[in-house]
Amino acid sequence: MSKRIRKAVFPVAGLGTRFLPATKTVPKEMLPIVDKPLIQYAVDEAIEAGCDTLIFVTNRYKHAVADYFDKAYELEQKLEKSGKHEQLALVREILPPHVRAVFVTQAEALGLGHAVLCARPVVGDEPFAVLLPDDLIWSRGAGVLSQMADIAEQTGASVIATEDVPAEQTGSYGIVATEAFSGRSGRVTAIVEKPSPDTAPSTLAVVGRYILSPKIFDLLEKTRAGTGGEIQLTDGISALMENDPVTAYRFQGSRFDCGTHLGLIEATIRYALDHETLSVAARELMVNTLSELGIREDP
Ligand code: UTP
C-alpha cells in the first residue's frame, strides 16, 4: 500500500441528533465555522493531501451537501451581472477543476463502518482516506491528512489519526493499544470502541481521519452490528489488524469536536481569532462581550 492516496470518503449520512433542532433541515456538515461550512474544511484538507476524487456518503435528506458542490448557474450569473467578482470567485472555487465529487447513498444510518462500505464501488481496490467533517483539525503547517499520507506512503500501512484524551472520556471514542511509538507513530495492537475508563487499553483515542487498505471492505461486509447497535468502523479496523499493519499517528494540530455544541463554539472562536481579515475585530468583540458581561480572567 505505498501509492499516494487519491480518493477520500466523507461519511455524512448520520442524523446529527445532537444539533437538533438546527439539523432538522440543515445537515451538521453544513454548519458554518466563521465563513465556510464544516464540509469545506475537510474537503480542502483532502485536496491538499493530493486527493482528486471526493466520495460523499449521504442520505436522501441531505440534498444541501450535493447542492453545495454543484454549479449554481443562476447565482453565478447574478453575481457576474452585479460586478460582485470576489463573491463569484468564492462560489466558483469551492472545488478546483481537477477534482470530482461523487455521491453515494446510505439508505439507512447503520453506522460509520456501513457508511464507509457504501463507498466501495467508487473506491475500488486502492488505499483511500476517510474524513469525518465534524472533527475539524486546525494546523499551522501541513494538514493532518497530508501528514498521514506521508506516513502511509513511507510505511505501506493503514494509518489512523489519534490523540490523547482525559481518562474519563474514553467512553466517547475508539481507543487503541500500541507498540512503543517511534516519533509520532506506533503500530496498533488492539482497538476497542467506546470502552469505559476501567476497561480502556489506553487513553489514546481515534479521531476522524483514516487512511485504509481496501482490504477493509471484505471485512466490513462481514462485520455485524457492535457498540450502539451500529456497524462500527472500529470493528473493521480490528479485523484488518490481524493480517495487515495499522499505524496510530499522533497528528500535529488542534482538533475541535464540532459534533458537540462546545466544540463548535471553540472552533468558531479559534478560527475567528486566526482569520485573515476578521481576527482583530473578532478579538475586540470577544473582549468587549466579556467585559459587558462582567466576566474577568482569574488573577
Ligand atoms: P456521529 O457518531 O457523529 O453521528 O457520526 P451523527 O449521526 O452524525 O451525530 P449525532 O451523534 O446523532 O449527533 C460520525 C460520522 O459518521 C457519519 C456521520 O455523518 C458523521 O460524519 N455516519 C454515522 C454516517 O455517515 N452514517 C451512519 O450510519 C452513522
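The values are calculated or read from the model by the stated rules, or taken from the named source; none is laboratory data. The structure presented is a predicted model; accordingly, all values stated were derived computationally and were not measured. Here Cβ is always computed from backbone atoms with ideal geometry, including for glycine, and neighbour counts include all displayed protein chains. Please note that ligands, DNA and RNA were not included when accessible areas were found on the heavy atoms of the full protein model with its side chains. Shrake-Rupley method; radii C 1.70, N 1.55, O 1.52, S 1.80 Å.
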The rounded separation in angstrom of the Cα centers of the stretch 4-28 and the stretch 91-159 is 13
In the chain, taking the dipole from +1 charges on Lys and Arg beta carbons and -1 charges on Asp and Glu beta carbons about the Cα centre, the listed residue (Ala64, Val207, Phe256) farthest towards the positive end is Ala64
Calculated from DSSP helices alone, with each H run of at least 4 adding -39500 (n - 2.57) and the total divided by the residues of the chain, [θ]222 nm to the nearest 500 comes to -9500 deg cm²/dmol
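Are there chymotrypsin sites (Phe, Trp or Tyr not before Pro) in the stretch 56-140 that DSSP marks as loop and that have at most 10 other Cβ atoms within 10 Å, and which are they?
Numbers: sites: Phe56, Tyr61, Tyr68, Phe69, Tyr73, Phe103, Phe128, Trp138; in loops: Tyr61.
Passing sites in the stretch 56-140 do not exist.
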XL table Lys7/Lys222; Lys36/Lys78; Lys24/Lys215; Lys36/Lys215; Cα-Cα > 30 Å flagged, in table order, is Lys24/Lys215; Lys36/Lys215
Put Thr234, Thr155 in order of accessible area, largest first, probe 1.4 Å, and you get Thr155, Thr234
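Just the accessible area per residue of the chain, please: how many Å² with a 1.4 Å probe? It would help to have the intermediate numbers written out before the result.
Working: 15600 Å² over 299 residues.
It amounts to 52 Å² per residue over the chain.
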The aspartates and glutamates whose Cα lies under 19 Å from the Cα of Lys194, excluding any fewer than 8 residues away in the same chain, are Asp134, Asp135, Glu163, Asp164, Glu168, Glu230, Asp235, Asp257
Length gained if Leu75 through Leu15 is fully extended, taking 0.36 nm per residue and subtracting the Cα-Cα distance, is 18.7 nm
Relative contact order of the chain (C-alpha contacts under 8 Å, at least 6 apart) in percent is 22
From the Cα centre of the stretch 179-243 to that of the stretch 256-280, the distance in Å is 29
In the chain the accessible area split gives carbon plus sulfur, as whole percent at 1.4 Å, a share of 52
In nm, the gap between the two label points placed 7 Å beyond Cα toward Cβ at Arg4 and His85 is 3.2
Longest the chain segment clear of GluC sites (Glu not before Pro) sitting in DSSP loops (not H, G, I, E or B) with at most 16 other Cβ atoms within 10 Å runs 1-92
Residue span Arg250 to Thr105: 0.36 nm per residue of separation minus Cα-Cα distance leaves a gain in nm of 49.0 nm
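Normalised by the number of residues in the stretch 1-141, what is the relative contact order in percent for Cα pairs under 8 Å and 6+ residues apart? If you can, show how the numbers build up before the last one.
On the way: 177 pairs, mean separation 59.4, N = 141.
After rounding, I find 42 percent.
At R0 = 25 Å, how high is the FRET efficiency between Asn288 and Val34 if r is their beta carbon distance? Nearest 0.05 is fine. Provide the component values of the computation, followed by the final result.
Values: r = 18 Å, r/R0 = 0.73.
Efficiency for this residue pair is about 0.85.
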